[in-house]
2 protein chains.
Amino acid sequence: MDKDNDQDAQEPYRLDRQVGFILRRASQRHLSIFSELIPEVTPTQFAVLAKLVETGALSQNALGRITAMDAATIKGVVDRLVKRGLLTTVRDDKDKRRMIVGLSKEGRALYRELEPRARLITEQTLAPLEQHEQEAFLAMLARIC
Amino acid sequence: MDKDNDQDAQEPYRLDRQVGFILRRASQRHLSIFSELIPEVTPTQFAVLAKLVETGALSQNALGRITAMDAATIKGVVDRLVKRGLLTTVRDDKDKRRMIVGLSKEGRALYRELEPRARLITEQTLAPLEQHEQEAFLAMLARIC
DNA sequence: GATGAATTGTTGGTATGCAAACGGATTTTG
DNA sequence: CAAAATCCGTTTGCATACCAACAATTCATC
């Protein structure tokens, strides 16, 4: 008798075995490491700085798209970074709906200071896994996005 | 010449390669699947219902601990579920600080209705991975918590 | 070139999530 | 037993996150 074929032999639903729940706890641990190593900004704020360094100035919504934030979310993040003087915004002349968001000198300087620590965050978060596991894990994680 | 030993041959920092960023996107996809299949409650609210079914009534803070929510967060979640009539709360006689949180009849009934769909959520979220990959992935994910 | 469709940014509402501070109850310890 | 430490629940403040609705602008199409 195969136990998988026992009628009504349903596995109990265990919360700690569900992806969603484990994902949330992993995010919590990552956040904890992040704010330990980089107390200056939040992960989403850092994502904005990093993407602007990668790609240069962008419209606010486009910035939201490549950092995976919806229009309402990116607005709040940009507003707070502008208020801290890390970003600058200019209305686009060619498309008067657009706000072009770019790094200020302070924003660029802060990013240079934080980048090495950001590398450590990924390292520490993945530390429980062996080197070859880390690559396999990241590849699979990226596939379920 | 090993490229890993080239002096200053630092890999550029790529946001899309960092655990934190990919974790966030994976959570977003999971949330999207969740609210598609279970629009009635949020993932955290469902976690509370599921844990109460697993373990029976608990004090509010204890409930928060096993569902990975801090005291401030679990309070909001419990309040909203009580307001909807899915949970009941009673002061503990033996320890007058404690609020014992339990499922109401409606809460239990709703959970029974949702559980099958909750299984589908995990299934669909992991669908991009092969069966054996899913197990390896969940095991590694659990290790970085 | 007018008009319907799509895009951009904004606002308001709801729901996590964490930190810090607080009063009250209980436990530990000297 | 009394003081100290801890635990419980609460509140406030801040920062994501998503949805839905909206006005202004631009685009697509006829």
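Overview of results
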quantity	calculated
In Hz, Karplus ³J(HN,Hα) per residue of segment B:128-137 (6.51, -1.76, 1.60; θ = phi - 60°; x = Gly, Pro)	x, 9, 5, 3, 5, 5, 4, 5, 4, 4
Relative contact order for chain B, counting Cα pairs under 8 Å that sit 6 or more residues apart, in percent	21
Test item: A:25-32 mean partner chain Cβ contacts at 10 Å	5
Cα shape, the protein assembly as shown, gyration tensor, a/c 1.5 rule	prolate
Cα→Cβ-extended label distance, 7 Å offset, between residue A:139 and residue B:35, nm	3.3
Accessible carbon and sulfur surface of chain B relative to its total accessible area, %, 1.4 Å	50
In sequence order, calculated HN-Hα J values of segment A:71-78 (Karplus, 6.51, -1.76, 1.60; Hz; x Gly/Pro)	4, 5, 6, 4, 4, x, 5, 4
When each of A:75/B:83; A:51/A:96; B:51/B:96; B:75/B:105; A:51/B:75; A:83/B:75 is checked by Cα-Cα distance, pairs over 28 Å	A:75/B:83; A:51/B:75; A:83/B:75
Cα-based shape type of segment B:59-110, given that a ≥ b ≥ c are square roots of the gyration tensor eigenvalues and the cut on a/c is 1.5	oblate
Per-residue mean of C-beta atoms belonging to partner chains within 10 Å, peptide A:75-86	0
Peptides A:10-18, A:39-47 ordered by average Cβ neighbours within 10 Å, highest first	A:39-47, A:10-18
Calculated label separations, residue B:39, copies of the chain, 7 Å along the beta-carbon direction, nm	4.5
Ascending list, in nanometres, of distances separating the residue A:136 label from those of the other copies (7 Å, Cα toward Cβ)	0.3
Whole-angstrom gap from segment B:8-87 to segment A:91-135, using each part's C-alpha centre	25
B versus A: buried accessible surface, summed, Å² (probe 1.4 Å, to nearest 100)	4600
For residue A:87, distant residues with modelled amide H under 5 Å away	A:82, A:104
Shape call, chain A: gyration tensor on alpha carbons, a/c limit 1.5	prolate
Principal-axis tilt of helix B:19-37 within chain B, Cα atoms, nearest 10 degrees	40
Position residue A:16, label points 7 Å along Cα→Cβ, spacing to each other copy in nm (shortest first, one decimal)	3.6
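The values are calculated or read from the model by the stated rules, or taken from the named source; none is laboratory data. Predicted, not measured: the structure shown is a model, and the values here were computed from it. A quick note on method: Cβ atoms are made from the backbone with ideal geometry, for glycine too, and the neighbour counts reach across all protein chains shown. Just the protein is used for accessible areas: all its heavy atoms, side chains included, with ligands, DNA and RNA removed. Shrake-Rupley method; radii C 1.70, N 1.55, O 1.52, S 1.80 Å.
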